[in-house]
1. Can you find a residue that is over 17 Å from the mean Cα position of the chain (by Cα) and within 13 Å of ligand 2 (Cβ to nearest atom) anywhere in segment 312-329?
2. Please determine whether any residue of segment 229-238 is within 15 Å of ligand 2 (Cβ to nearest atom) and either open to solvent by less than 10 Å² (accessible area, probe 1.4 Å) or touching a Gly at 6+ places or on another chain (Cβ under 9 Å) (or both).
3. For the structure I just gave you, tell me whether residue 302 is within 11 Å of ligand 2 (Cβ to nearest atom) and either open to solvent by 10 Å² or more (accessible area, probe 1.4 Å) or farther than 26 Å from residue 202 by Cβ (or both).
4. Considering only residues of segment 621-661 that are free of Cβ contacts under 8 Å to residues at least 24 places away in the same chain and either open to solvent by less than 50 Å² (accessible area, probe 1.4 Å) or not basic (Lys, Arg) (or both), which is nearest to residue 583 (Cα to Cα)?
5. Sort out for me the helices (runs of 4 or more DSSP H) sitting completely within segment 409-517 that have 3 or more residues that are more than 23 Å from residue 565 (Cα to Cα).
6. Here is a check on your reading of the model: is residue 67 modelled with pLDDT under 95 and at negative phi?
7. Would you please list the contacts, defined by Cβ atoms under 9 Å and residues six or more apart or on different chains, that run from a residue in segment 819-836 that is more than 19 Å from residue 383 (Cβ to Cβ) to a residue that is among the β-branched types (Val, Ile, Thr) and in a helix (DSSP H, G or I)?
8. Determine which member of the set 330, 370 is closer than 30 Å to residue 477 by Cβ and either more than 15 Å from ligand 1 (Cβ to nearest atom) or assigned to a helix (DSSP H, G or I) (or both).
Amino acid sequence: MNYRLSSHIRPTQYTIMLHPDLEAFTFYGEETIRLLVDTSTKKITLHAAELEIHSVKLTEKGSKKSLNATIVFDKEREEVTFVFEQEITPGEKDLMLTFNGILKDTMRGFYRSAYEVDGKQMYMAVTQLESTDARRVFPSFDEPSYKAIFNVSVKVPPDHIAISNTIEEEIVKQPDGYNIVKFSKTPKMSTYLLAVLVGKFDMVETKTAEGIAVRVFTTPGKKHQADFALQTAAKILSFYTTYFGYEYPLPVMDLIAVPDFDAGAMENWGAVTFRETALLIDAQNSSASNKQRVALVIAHELAHMWFGNLVTMEWWTHLWLNEGFACYIEYLATNAIFPQWKIWDQFIVAEHNDALTLDSLKNTHPIEIEVRNPSEIVEIFDQVSYAKGASIIHMLATYVGADTFRNGLQVYLKKHAYQNATTEDLWVAFEEVSGKPIAKIMHLWTSKSGYPVIHVEEKDNTVEFVQERFFSSPLASKTEKDMTIWQVPLQIQTATTKENILLSKKNQSIKKPLGWMKVNAQESSFVRVAYTKELLNLLENPVKEKHVGTIDRLGIIRDAFDLAYAGDTKTTESLAFVTSFTQETEYVVWLEIAGQMQRLASLLASDKEAMTEFHKFGKALFAKIAGKKTWKKKSEDSQADILLRSIVLYQFGMYGDASTIQTAKKLFDLFIHRQEAIDPDIRGVVYLLVAENGAEKEFEIFKKLYKNQSLHQEKDRIARAMTSFHTPEIIEKVLEWILSEDVRIQDKTRYIYVLFTNPYARVKTWKFVKTHWEYFFKQFKGSHGMSRLVEGAGELTTKKDAKDIDIFFKKNVTPEVARTIEQVKENILTRALWLRRERASVRKFLKNH
Ligand code: BES
Ligand code: ZN
């Protein structure tokens, strides 16, 4: 079925007045849509859902005559059709509507969010319209290519503040005691970018170097936590203005912390909304990693002011142009503002990893994929659009070089400003500035699923590269015959040289270099590399001696483990290889190793004996670096050192080092009984180790701490610990607690997700989700919360689990997670197969090491 609106009627301007009632949880609206009608018609169809429309009237410019219509809703298509008595002639018309709706607690459309002022519960009204929820707030042409100008006004109680995309133009007092706040008109933009908020807020303000006002809004009493965001946002906005070579077109850039928020943040033009954890920083209680997250999220959303808002994807099929791009450039901007963080290293271990993992499934999808209806659109906000999109941009940027890359972006933005664009348009811009066949190189990366593994083989005097699609499961590689030959820009690092080539054939050779070689230097291309045993062995010493760079060491070890997981090599070989990393000192490399070890632990979890051996192995692996790390910060510590400390201490404690656990317990006791604060950078480790080794008493302490805490980052840290207990009784309690009023709706499915990653809890968690399905379905249907709820089930390990999930979702059809469920089943079956194939040999290996 075609869900698109017909294109012979277009809006050019919306004049909207919204009046939320914060006590009755309803809203009233009036709007006039200025339309351009191309051909005579009796009908006008636009989007509307969950709205009651009271009146409709059509007038012609300059004419007093107005037409009335009957109103016909199509619930399935989320449309309303106005059928007029008489033909509407082509030309400019005004469609006037009045309507009302409900302020719900679903965090979509126009919704309510709870906060406290002086101990009293209050509600604010907030919009969240991406992707297709503008139609839940006002009847509209709710597709990204119907750009229009918006004149917004909001009716509010006099002691409340209204925020929208632009600045207030005037406030008009009403006879009924309310104020009507009128905002200046927006640039031409898509419906999903509109924002309206009404509530009580505190605010801090500054100006960018270019004179744009930047403001951060928090709920009352939290403005002391807004300073980091304010300074960071101002710098980033300036950075982009220069980098994109295009001025920010609005007079103000507002950033608003919303206590109930489904996503992390939303790029409404000029009025970006955030969950509190992604914006607020408390000087005493936020960690270095909290700060990093805030900077990245701000950089991500502000990038959208250009990429997404100024130039918008033509249709959701090109969503990656928004999200993949923002996900890449957030690192570029953060690196420019905080170079000391070495954030690009983290790009490789975070986004690049996520993309390689998801896109190695049979049930992945091409970056560009046809999507027709809202549930299909929701589905593609995934790591393919974000992380794979970012990774192939990273590959392209490396290939063309930083300056050409920036020039290409500038050409693209200038050419398509205030309009819509497609993937092809972006390639055209890069071709123009680089003179290289960019479309040809990039085409398959966005139009085909997956990516290649490059097999490296020695032949006499040459080295041959053979490409083949990589699947994380032998189940897929045996049945899927994908003959795609990608164009792969590839850098090859040897002890003395770096060579660049472009692979474009199934087999391709170069002259054999002397000594070792690291293929895909800096992991800049979106591929994996499979060395022969001999070539991998050649890398062992250079890794030990760190002749191979940080990112390359990370790449070597992740490919080694992932290839074994996929059945190409043996896990025991990667375990043997990882022992050459005991001298390692870099954070991102340890993070990768910790992640790989964690996956093994999760696979072996039900095998007690194997786990005992595995713990010994893990402890030995981390012993050296743990010995170097004290609990106390050192003044010379870099960001990476700070982050490394918590990884290492946690791993060492988790593998059972008694003195590490002892110290964690002691620090926790001192905190609980003597109010001695724990450094926020190690607080998470302390909490986790206490929980993993704790019981009822500790659980109750955490529960109370959570309830009394107002900093949401701290709440998340505590919740993370609460989901890490090992005993069945406590896990039951945690599950009940997640459903209780103590936990906001925005956090429920996130905590469920984390519980799935706890091997002691995963079976119980799946049972719980099934038992409470009716609640979850009602609350999260059609939203992103839904995929977070089921995604974690991929941690299960038996064929029976996969079957059970299959049967459950056949009965409880949930289209917006259809692909996620296929991925979950695929992951479970791959894990089951790994256990059958590898468990015995891994066990034996662990016994002997
Ligand atoms: N446009 C998205 C927010 C969004 C996501 C709206 C899904 C509707 C559906 C926003 O730009 C975004 O990507 N936010 C991320 C944070 C970012 C730093 C990755 C998020 O919410 O996780
Ligand atoms: Zn985004």
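1. Taking every residue of segment 312-329 in turn, at least one turns out to be over 17 Å from the mean Cα position of the chain (by Cα) and within 13 Å of ligand 2 (Cβ to nearest atom).
2. yes
3. Criteria not met by residue 302.
4. Filtering first and then ranking leaves 627.
5. 423-434, 438-447
6. yes
7. Filtered contacts from segment 819-836: 834/571.
8. None of the other options fit; the residue is 370.
The values are calculated or read from the model by the stated rules, or taken from the named source; none is laboratory data. Owing to the predicted nature of the structure, the values given are computational and were not obtained by experimental measurement. Glycine also receives a Cβ, built like all others from the backbone with ideal geometry; neighbour counts cover every protein chain displayed. Please note that ligands, DNA and RNA were not included when accessible areas were found on the heavy atoms of the full protein model with its side chains. Shrake-Rupley method; radii C 1.70, N 1.55, O 1.52, S 1.80 Å.
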